[in-house]
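Novice: Mind having a look at this structure? Questions to follow.
The values are calculated or read from the model by the stated rules, or taken from the named source; none is laboratory data. Quick caveat: nothing in here was measured; it's all calculated off a predicted structure. Note that we place each Cβ from the backbone using ideal geometry, even for glycine, and neighbour counts take in every protein chain shown. Keep in mind that these areas ignore ligands, DNA and RNA; they rest on the heavy atoms of the full protein, side chains included. Shrake-Rupley method; radii C 1.70, N 1.55, O 1.52, S 1.80 Å.
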Amino acid sequence: MKKIFGILLLMATTALLCGETTQERIKKYSGVNAEELIRLYDQTENSEYIRFILDNSSPNDLAVITPDYIKKNLELILKTKELKYASLYDENIFKHFVLPLRITQEPFEDWRGVFYKELFPLVKDISDIEEAAIVVNLWVLEKMTYKPTSGKDQAPLTTIKRGYGRCEEMMIIYMAAARSVGIPVRSAGTSLWNFTDSNHAWIEVWTPEGWKYLGEPADQLNKTWFTKTTERASMITSMAFGYYDGEDVIEQKDNSTEISSIKYYTDQWDKCTISVKNGSGEEVENAEVTLYAVSWGGIFPMQELKTGKGGKVNIPLGRGSVLAAAYKKDTGFGYEMLNTLSGVKEIEIVMQPGNKFKSEELNYKFQLVSQGEEKKNACKKYFEGKFDLMNDNANLKRNERLNNYKKSSEFAAYFLKSRNYKNSDEFYKEQKEFIEKCDLIGGNINEFVKVFNSTDKAPEKEKKTRLRILTDIIQNWDDKELCELPDSAAINDLVDILYEGKIFYKKNVPDTIFVKNVISPTWQGGQVVQNGWQKELYSMIKALRSSKINTTVSEVIKWADSKVTVDSNFVFYYYSCPLNPLEIINMRSVPDYYRLKLIDSALKTLGIPTRWKGEFEYYNGKEFVILEKGEDKKEAVIKENILRLSIFTDGKQVKAEPWGNFQMSELFEGKLNYYYFDGRNDSLDYILTYPEDKNKDLYIQAGIRNSNGDANVSIKPITQTEGTVRIELTTPKEYIDISGSLTDENKSKVKNYVSNLNISGSKILMISGSVPNEPTVRMSTLLNDKIEEYKTTGTQLLIFTETKDDALLKGVSMESYPVIILFDSENQIVFASKGYNMNIGDLLLKKVKKN
């Protein structure tokens, strides 16, 4: 959700950019580096590669990139041509999949030299590119492992500091490492799985036999925990930097190429055609076609395309269901369901002016998981007899490094000095949470210790406030941002600046608002890069601050508008880095959202609270008000509507859970997207509060899945005057249950194990493999999130980890773990599943309630 929100804000600012030369774009976006970059672009040495990089660089990257960075990276990149396997691929592959300076949307970091130095000795004698790819993957495992994190992508060196990251960050560090030693790689994945509430990103490696994929380390390519999952995907795509003319291109735009990769994962896909016509039956060219997947309680855009001549789009789709909607200004809107399981491969959408989503019930169906081992993608195995040891060794090295970062005793002492508590239970609870957060700071731990030590020596009248600010930063920032901070000097500057703001507006801003709306980020998914910009920005704007907050805000707006110009035609490219405020200023010609980020950063730096509640607001000393009133806004304070939502499933009311079984959406220019709301549960109902805007078409969506992922989704328009909404859903028929396929021996062993525990009531047994894997981490989180609800039904959650000498299950492959088994109060098996199942938490809750 966090990432989607940030992306939506960025997408709202974009439009087509055309007709500019690279030199003109450099002059427009590169600020102080423009002249040198143009000279570099015009030089003859390595001109083919330099021009490829700059021709395809996004406006964001042009605002950050320097000539020295390009030259240093290019020198290292050309060295990789000396490696044995580099002779296997041509210049086209080299330029698009080895040469690029960035991976996706992570901040720029100078990672290539660091990675080359460590990895070159490991691969210099290898001639087989697949073997080299596996060696690099083991090296990456030493540096990080999977853990769910917030949505903003982190750069590779930050990932090493933290020691973990989500799937996109695993992808980013692996691709950076592989490219540093000349292995062509590209990002792959699915924006939404469609049959489950999640997405995933991974890596494809070029080989002489074609593109192959990898995930967590394995002894061969095309072997990973999500192999079975990919067989059920609606779409799998990969990306190329620049305009790549390879096979299966879906779309080329904004200096990037999107490619369909689904053929590498399954035979169960179809070439589908969507025809778009107007009310008169004429084909509509350049209509925007959006494919929607079921996710997070409703439907979300999965793919956006444009019709070509003849009013058609052609797209490879996996077997299953998608909703397709078409829109073109002045022509209209329309939508249709496409279900390829029924053999339908073509649909026609008729657009009409004034059309919207009506009250609608959508039924999504998906193919079942195939049985048996994967044969289509079988690859050569490497390191026979040694791989498990190599994998264990990589895990041990990483864990040892991360354990050495933990310094709980020092942080506990400073937390005590920063707080006054009358309730000891409350203190110990918060201190425990604080120490757990400190354990996630990773490689920056010593930098924070230095700042705590120096802060402890501050004058007595300042010390407690400064310590409180520092502990509040740790508590309220995402650990990703804590690891982005470059050093103790940057952290110390941050504390100094926040301290001055807090003292300056002490009479105007309550402590709780200062923590929540100055120290904490404004946008959970769209905050700026925290790479040490505060001191320089503060020196630029300190003189703007006055005792009157409204006056300071007005001065900051004038200052921001003197530094940047809003470009209504700005394009946010796929290959594009996030910017800090100084880089936004250097960029000069910016989207409106970047202007807002600059103003937000400036206000927070001066100590003025801000927040986002569908509009950007600041605290004026009495209340939060809109930063800049639009022409249609009569009040500075946003009016909020209240709506009571009740959801019934199969005739019985269930708890309405935002992003679990419902969401709020807005239909804007033919796209149904997230609309800001807040609220709370009142028993099973959910009380929504949302910004009123009678000019917007708002909807409540709700959805329910079965264990196969088939879904029933309701879309209901709201009038913004109604006080209650009731939605009724029907659970699609269920198909998935592997309990019948368990061998008699395995059934007997798990029953005996559970019986010997002498635990009353129902039991959920999660069995993980002897080697930890990503799906086990994901499934553990899903089950633990529901543990209190399981307890209310008298159900216990049990976890058993297999060892090589003591295993409950025989004949189960490592990729199939974890295995989940539900037992009734008599220890009889009710249900079982294996592998990755994002719906498992809710599914088991439904089943234990039935028992």
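Novice: For segment 144-164, enumerate the residues that are touching a residue at least 60 places away in the same chain (Cβ under 8 Å), of a type in the set (S, T, N, Q) and part of a helix (DSSP H, G or I).
Specialist: Thr158
Novice: Which one of the conditions (1) under 28 Å from the mean Cα position of the chain (by Cα); (2) more than 30 Å from Asn399 (Cβ to Cβ) does Glu433 fail to meet, given that it meets all the rest?
Specialist: Every listed condition holds for Glu433 apart from (2).
Novice: I'd like the full set of residues that are open to solvent by 30 Å² or more (accessible area, probe 1.4 Å), part of a loop (DSSP other than H, G, I, E, B) and either β-branched (Val, Ile, Thr) or under 15 Å from Tyr146 (Cα atoms) (or both), limited to segment 769-783.
Specialist: Val771, Pro772
Novice: Moving on. Given segment 35-121, what helices (runs of 4 or more DSSP H) lie entirely inside it while holding 1 or more residues that are over 22 Å from Ile585 (Cβ atoms), of a type in the set (Ser, Thr, Tyr) and without any contact (Cβ under 8 Å) to a residue 60 or more places away in the chain?
Specialist: 47-55
Novice: Name the single residue, out of those in segment 635-687 being in contact with a Leu (Cβ under 8 Å, 6 or more places away or on another chain) and aromatic (Phe, Trp, Tyr), that is surrounded by the fewest Cβ atoms within 10 Å (Cβ to Cβ).
Specialist: Across segment 635-687, the extreme among qualifying residues is Phe648.
Novice: Inside segment 165-249, counting only strands (runs of 3 or more DSSP E) that do not spill past its ends, which hold 3 or more residues that are in contact (Cβ under 8 Å) with a residue 40 or more places away in the chain and within 25 Å of Ala324 (Cα to Cα)?
Specialist: 185-190, 237-241
Novice: Then there is this: Scanning for something in contact with a Phe, Trp or Tyr (Cβ under 8 Å, 6 or more places away or on another chain), small (Gly, Ala, Ser) and open to solvent by 20 Å² or more (accessible area, probe 1.4 Å), does segment 597-608 turn up at least one residue?
Specialist: The answer is no, given that none of the residues of segment 597-608 is in contact with a Phe, Trp or Tyr (Cβ under 8 Å, 6 or more places away or on another chain), small (Gly, Ala, Ser) and open to solvent by 20 Å² or more (accessible area, probe 1.4 Å).
Novice: Scan segment 325-355 for residues that are over 26 Å from Asp267 (Cα atoms) and surrounded by 13 or more Cβ atoms within 10 Å (Cβ to Cβ) and report the count.
Specialist: Of the residues in segment 325-355, 13 are over 26 Å from Asp267 (Cα atoms) and surrounded by 13 or more Cβ atoms within 10 Å (Cβ to Cβ).
Novice: Looking only at segment 806-849, filter to residues that are at pLDDT below 90 and of a type in the set (D, E, K, R); which one of those is least open to solvent (accessible area, probe 1.4 Å)?
Specialist: Lys847
Novice: Checking the condition more than 15 Å from Gly501 (Cβ to Cβ), open to solvent by less than 10 Å² (accessible area, probe 1.4 Å) and assigned to a loop (DSSP other than H, G, I, E, B), which residue from Ser568, Ser576 passes?
Specialist: Ser576
Novice: Related question: Return the pairs, sorted by first residue and then second, in which the second residue is of a type in the set (Phe, Trp, Tyr), the first residue lies in segment 822-849 and is part of a helix (DSSP H, G or I), the beta carbons are less than 7 Å apart, and the residues are 6+ apart or on different chains.
Specialist: Within 7 Å, the pairs are Leu845/Tyr790; Lys847/Phe831; Val848/Tyr790.
Novice: Taking the conditions exactly as written (open to solvent by 60 Å² or more (accessible area, probe 1.4 Å), over 24 Å from Val518 (Cα atoms) and in contact (Cβ under 8 Å) with a residue 40 or more places away in the chain), does Glu410 satisfy them or not?
Specialist: yes
Novice: Also, quick follow-up: State all residues of segment 665-701 that are among the acidic types (Asp, Glu) and part of a strand (DSSP E or B); if no residue qualifies, say none.
Specialist: Glu666, Asp678, Asp682, Asp685, Asp697
Novice: Counting only residues that are free of Cβ contacts under 8 Å to residues at least 40 places away in the same chain and open to solvent by 30 Å² or more (accessible area, probe 1.4 Å), which one in segment 694-714 is nearest to the chain's Cα centre (by Cα)?
Specialist: It comes out as Lys696.
Novice: OK, next. Considering only residues that are surrounded by 15 or more Cβ atoms within 10 Å (Cβ to Cβ) and farther than 13 Å from Ile65 by Cα, which ones fall in segment 28-40?
Specialist: Residue satisfying the conditions is Lys28 alone.
Novice: So, one more: Of all residues in segment 507-536 being small (Gly, Ala, Ser) and touching a residue at least 60 places away in the same chain (Cβ under 8 Å), which is farthest from Asn620 (Cα to Cα)?
Specialist: Top of the filtered list is Gly525.
Novice: Residues in segment 732-762 that are open to solvent by less than 40 Å² (accessible area, probe 1.4 Å), part of a helix (DSSP H, G or I) and under 12 Å from Glu826 (Cα atoms): how many?
Specialist: Selection size over segment 732-762: 1.
Novice: Also: Report every pair of residues separated by at least 6 positions or lying on different chains whose Cβ atoms are under 6 Å apart, first residue within segment 772-789 and more than 14 Å from Thr801 (Cα to Cα), second in a helix (DSSP H, G or I) and aliphatic (A, V, I, L, M).
Specialist: So the pair list comes out as Leu782/Ile840; Lys786/Leu845; Glu789/Leu845.
Novice: Restricting to segment 177-212, what's the tally of residues that are among the hydroxyl-bearing types (Ser, Thr, Tyr), modelled with pLDDT of 95 or more and surrounded by 24 or more Cβ atoms within 10 Å (Cβ to Cβ)?
Specialist: Of the residues in that region, 1 qualify.
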